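To start, the structure itself, in structure tokens.
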Amino acid sequence: MEKGKGVMGAGRRWAVDFSDNSTAPSSRDIPDPPGFTRASVDQDDSAVSRQKKDAEANWKSQKAWEVAQAPFKNLLMMGFMMWMAGSTVHLFSIGITFSALWQPISALQGVGKVFEPYKDNKVDLLGPKLLFIALNLGGLALGLNTLGLLPTHASDWVSSLSPAQEVEYSGGGIPL
Amino acid sequence: MAIMSFIFVFFFFSSLQPILSLYEDQVGLMDWHQQYIGKVKQAVFHTHKTGRKRVVASTEQNIIATLDLRRGEIFWRHVLGPNDVVDGIDIALGKYVITLSSGGSILRAWNLPDGQMVWESSLHGPKHSKPLLLTRNLIIEKDNVLIVFSNGRLNAVSCIDGEVLWKKDFEEESLEVQQVIQPPGSGFIYVLGFAASSQFEMYKINAKNGELLKHESTAFSGRFTGEVSLVSSETVVALDSTGSILLTISFHNGKISSQQTPVSNLLEDSPGLAVIIHPSVTGIFAIKTDAATIFIRVIGEGKLEVVEKTNHETVVSDALSISEGQQAFALVQHAGSSIHLTVKPAHDWDSNLLKESIKMDQQRGFVHKVFINNYIRTDRSHGFRALIVMEDHSLLLLQQGAIVWSREDGLASIIDVTTSELPVEKAGVSVAKVELNLFEWLKGHVLKLKGTLMLATPEDIAAIQHMRLKSSEKSKMTRDHNGFRKLLIALTRAGKLFGLHTGDGRIVWSHLLQSLHKSESCRQPIVLNLYQWQVPHHHALDENPSVLVVGRCGPSSDALGVLSLVDSYTGKEFSSLSLVHSVAQVIPLPYTDSTEQRLHLLIDADKHAHLYPKTPEAIDSFQSEFSNVYWYSVDDDNGIIKGYALKTKCSSNVADEFCFDSRELWSIVLPSESEKIITTATRKLNEAVHTQAKLIADQDVMYKYISSNLLFVATVAPKASGEIGSVTPEESWLVVYLIDTVTGRVLHRMTHHGSQGPVQAVLSENWVVYHYFNLRAHRYEMSVIEIYDQSRADNKDVWKLVVGNHNLTSPVSSYSRAEVITKSQSYFFTHSLKAIAVTLTVKGITSKQLLIGTIGDQVLALDKRFLDPRRSVNPKQAEREEGIIPLTDSLPIIPQSYITHSLRVEGLQSIITVAAKLESTTLVFAHGLDLFFTHYAPSRTYDSLTEDFSYALLLITIVVLVAAIFVTWILSQRKELQDRWR
């Protein structure tokens, strides 16, 4: 994320504009250096600028994918920690379970903010966003599963199944 | 994994586990208790001394009780054992109640004021005979003496300590002693009786030492029957066995002279068989024939004269000596809706000492017994009070032409109980009379709040308690939201139906069933049972609910049946049917017609099934289910259980389309030399089961085998069917069966060697709990059997369950032969049992508790978790989390879990549980001689606030919080403003 900030326009202290393509010498107080022909620069000026923009967009989307994949490492770490903590009721394991629940929730809340730097009309952020959400949901599921709140067992589906209706009816007993 | 969910569950349960008892101030809020004594057999007044006037009564339920003569409340009461029948009671020395019981073998003296036993002596003799108790003021050597004739022996017993002073045997084999007389002021005793039914015997005995002074006998050509009536101190009257000749026998100075008078001489029309009633009014006796009661006076030497002949139902009291040498007796006659009480002096028939007419509730039936007592009015004339016992077993005290008090002692012999809803509260009907006004409501809540905040003074606390106990809310006559207010409909042995309000136990209505009354067509009516006939809900709400009373005319099983339909709201009998067939079984079917009348199948002695109600609609709905209806009968005498299906129409009577023949399908014949059926149990028809799955540790599932056609049968070795300890463990065993009653398949059979009955069992959901005696361990045991359906066990694929691709909800047939497994376990239990029941909730979600009627006549709640066959000595962690209790060899009895708290339900017979509308709560009604009712929440009332929850406190808290929010908001605004100005 630090790297991403470096390319932002707002972060520059000074700048040299190499893309000044005005041909009139009157506009400049400094004469052209000897051997410099302005015409050749003018020739491929637009191509260079496009190239630059493309590179930036590429870089942005690459970064966005990286950011989107970041929770995966988190997930692995969480899983490992939970495995280490075991299933006993313990202050440590309670803490881990709650952090496993809290992290994905807070991350999901801030989805827009995380991907804001890579906003660009040329960059498609939908894919990374979806991946990011999916991975966080996975983390949340891991936490919920630890709490036993996911219906992953047969018992979760049959626990309130009413008894089957009986076809036959029989009554009687010892005569009155 | 899955720890966290269990953390909550664990804390939840651990916080919830221990206290299920009541606080002291909660007694009487939800429960009520009523005490009864039963039908009075004999009553003796104690009004001589100053102080509290009382009456001592012995009843047919073997109770001795003293009642307050002013209000009819019980001072004290003793329940003798079921075999300890009271033969006679009397008061001796003005301070002891003397009772003779157990066929004259036990004589006891009780202290009159407090009911403590003073002494007891057992009187044995050479042979069994009619027990007679005589307490005159006989004094031998300054000792007051009781003369008791029992077991063929005449005993003189000291009043002071119960010591037998002398005894005289009458060993002659055929002698039947009928009377023991001690003429006042004389020092001898006459023992009168019949020998070989045709010889009159008279023994004159010295009262001081039991010496035989004289023995005379005279032969009579006919045979004697029954009673002799003593008409004077030396004359008796007897009837011969044909009931047509009256014998007057006098034994003046030891000489017997007799005279025969044919009854037809006294009466013009031949009266048929006569019996002598009420033998102890001097000079007068009465004979009763089918049509009339005839009073006959003895004049001079054996001459008889009819003084009155009444055709009404007439009851005569014993003679009461009112002054020196003067006796009086009372007559009670019915006349329309009132009764006439007449007290006459014994010597003069035509004059009356008292004649009163008292308006009497028709629902009490005829007068059965009358006991009188006199008192001296302020003008020194004699006043009389009469205690009368009615046909419905109620007891009334009459004085000065009015009913002073009445006791509904018929409720001591309840046969069956069912419940009914109360009427729905209609919008138009104002309940403002019972509703408190706003001010009082507020006052009540302020008081409650004071109580909560511990600011209340003792008077306030008393006021709060009074308010809680007398809450009008619980005794309203309308349906309530929680389903706590209901009508308990109780059928008593006397054939009376009572509607009791569950809120406070008051009698809402009571009716003597006319159709089960003695009549020409039905001479000996017996009430059998009570069923819910119509329980309207949903679309038939405007109908009143009704109950069905089934009776029969006569004690034999092939006597004709009687049906009576009674409206539950009013208690009025709106329809009755005299059946043309007998009633052997009544089977309520799980089908109703459009007015919610339940279809019933009545099986007669010839195994024909009759469908009721007899409407075309009923038969239409029955036809569609015809092939699925089966019935079974358990013949406990022969050890045969048979199952039947219905064939088409009865072959015998062509016209009756509601009659069906039965076809025998299966039979289980138990070997009569080794097994005798002692107990059966089935599931309650109205029991709701929430789920078919049982979740066990590690998220695993077991499927319960839930079938309403399950029958539990317990058999014992025929030798071992007697008392506990009558056999050795080797020759005693108990076999239990679980039988499917559709196919006759024995699902489970288990033998308990060395065990013996009596067995009490309860079947619910997929388990049965039963109680028996283990002869080897010399202790009572309780066992549990749980039955699971193994053929469903492989329904464990989550995805199949998610998409609903399973057969768990499809209808099951008993013919599909489900593979079952059973689990069982046994535990020791301290008490012997009188009754056992299980809590019943409306949806069956709440965990179950067993309600155990202990031998001490209390009701004990025992969590079903203690009777879980999966208990083990060291349960795994997961099992502990599931709530499995480590195995112990005996079941704990937690003193706080007696739901009857400090009360006793004397003579406890059965415990009835009814579901309230609130899922957490069961209504429990226990009856025997006493009645007890309470609300019981097996897992506490998790779905409602407790009754003592302070709404006022909640309200105040909310108001304070809102106010605080406003205040702080204003303050913060002001501060912000100041900050900005700075």
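Rule-based calculations on the coordinates, nothing more; no lab input. Predicted, not measured: the structure shown is a model, and the values here were computed from it. Note: ideal-geometry Cβ built from the backbone for every residue, glycine included; neighbour counts use all protein chains shown.
Quick notes on this structure:
- Of the residues A:Ile133, B:Ala915, B:Thr261, the one whose Cα sits farthest towards the positive end of the charge dipole of the protein assembly as shown is A:Ile133 (charges of +1 on Lys and Arg Cβ, -1 on Asp and Glu Cβ, taken about the Cα centre).
- Computed from the C-beta positions of B:Ile256 and B:Thr570, the FRET efficiency with R₀ = 51 Å rounds to 0.25.
- Percentage of interatomic Cα-Cα distances in the protein assembly as shown larger than 51 Å: 46 percent
- Length-normalised contact order of chain B in % [C-alpha pairs under 8 Å, at least 6 apart]: 6 percent
- Charge dipole of the protein assembly as shown about the Cα centre (unit charges at C-beta), most positive-ward option of B:His215, B:Val583, B:Leu945: B:Leu945
- Cross-link reach list, lysines versus A:Lys119, counting only Cα pairs under 18 Å and skipping chain neighbours closer than eight places: A:Lys3, A:Lys5, A:Lys52, A:Lys53, A:Lys60, A:Lys63, A:Lys129
- Of B:Leu487, B:Leu903, B:Gly554, farthest towards positive along the dipole that unit charges on Lys, Arg, Asp, Glu beta carbons give chain B: B:Leu903
- A Förster distance of 35 Å, applied to the separation of the beta-carbon atoms of B:Ser944 and A:Lys119, puts the FRET efficiency at 0.05.
- Out-of-range pairs (alpha-carbon distance over 26 Å; input B:Lys800/B:Lys864; B:Lys127/B:Lys204; B:Lys41/B:Lys496): B:Lys800/B:Lys864
- Shielding by partners - mean other protein chain Cβ count within 10 Å, residues of B:688-694: 5
- Label point at B:Arg71 placed 7 Å out along Cα→Cβ; residues across segment B:477-511 whose backbone nitrogen lies under 18 Å: B:505-507
- The mean number of Cβ atoms from other chains found within 10 Å of a Cβ in peptide B:703-709 is 4, as a whole number.
- By the count of neighbouring beta-carbon atoms within 10 Å, fewest first, B:Arg870, B:Arg377, B:Arg683 end up ordered B:Arg377, B:Arg870, B:Arg683.
- Local electrostatic count, A:Phe115, Cβ distance below 13 Å [Lys/Arg +1, Asp/Glu -1]: +1
- Were the residues from B:Asn83 through B:Asp558 laid out at 0.36 nm apart, the gain over their Cα-Cα distance would be 168.1 nm.
- Positive minus negative residues near B:Thr492 (Lys, Arg vs Asp, Glu; Cβ under 13 Å): -2
- Taking packing as the residue-averaged number of other Cβ atoms within 10 angstrom, the listed peptides B:875-885, B:780-790, B:56-66 run from highest to lowest as B:56-66, B:780-790, B:875-885.
- Within chain B, the selection of entire DSSP H helices by a Cα span of 18 Å or greater along the long axis and an average Kyte-Doolittle value of at least -0.5 returns B:3-16, B:438-452, B:951-981.
- Footprinting exposure proxy for A:Thr97, B:Thr457, B:Thr235, B:Thr47 (fewest neighbouring C-beta atoms within 10 Å first): B:Thr457, B:Thr47, B:Thr235, A:Thr97
- Among the cysteines of chain B, those whose beta-carbon sits 4.7 Å or more from every other cysteine beta-carbon are B:Cys159.
- Exposure proxy ranking for B:Ile403, B:Ile98, based on other Cβ atoms within 10 angstrom of each Cβ and starting from the fewest, stands as B:Ile403, B:Ile98.
- Counting only Cβ charges, +1 for Lys and Arg and -1 for Asp and Glu, the dipole size of chain B around its Cα centre is about 2080 debye.
- Ordering B:475-485, A:77-87, B:174-184, B:581-591 by mean Cβ neighbour count within 10 Å, with the highest value first, yields B:581-591, B:174-184, B:475-485, A:77-87.
- Cross-link table B:Lys39/B:Lys369; B:Lys39/B:Lys344; B:Lys704/B:Lys848, entries beyond 19 Å C-alpha to C-alpha: B:Lys39/B:Lys344
- Near B:Leu670, once Lys and Arg are set to +1 and Asp and Glu to -1 for all other residues with Cβ below 14 Å from its Cβ, the sum equals -2.
- Net length gained if the chain between B:Ser244 and B:Ile885 were fully extended (0.36 nm per residue, minus Cα distance): 223.3 nm
- Electrostatic dipole magnitude of segment A:71-149 [Cβ: Lys, Arg +1; Asp, Glu -1; Cα centre; debye, to 20]: 80 debye
- Only aspartates and glutamates eight or more places from B:Lys647 in sequence, or on another chain, were considered; those with a Cα closer than 18 Å are A:Glu168, B:Asp604, B:Asp606, B:Asp620, B:Glu625, B:Asp656, B:Glu657, B:Asp661, B:Glu664.
- Only Cα pairs under 8 Å and 6+ residues apart enter the sum, and on that basis the relative contact order of segment B:312-412 stands at 19 percent.
- All aspartates and glutamates inside 14 Å of B:Lys53 as judged from Cα atoms, apart from same-chain residues fewer than 8 positions distant: B:Asp68, B:Glu73, B:Asp114
- Dipole size of the protein assembly as shown about its Cα centre, with +1 on Lys/Arg Cβ and -1 on Asp/Glu Cβ: approximately 2760 debye, rounded to the nearest 20.
- Stokes-Einstein translational diffusion, segment A:71-149 - Kirkwood Rh over all Cα pairs, 0.692 mPa s, 37 °C, in µm²/s: 243 µm²/s
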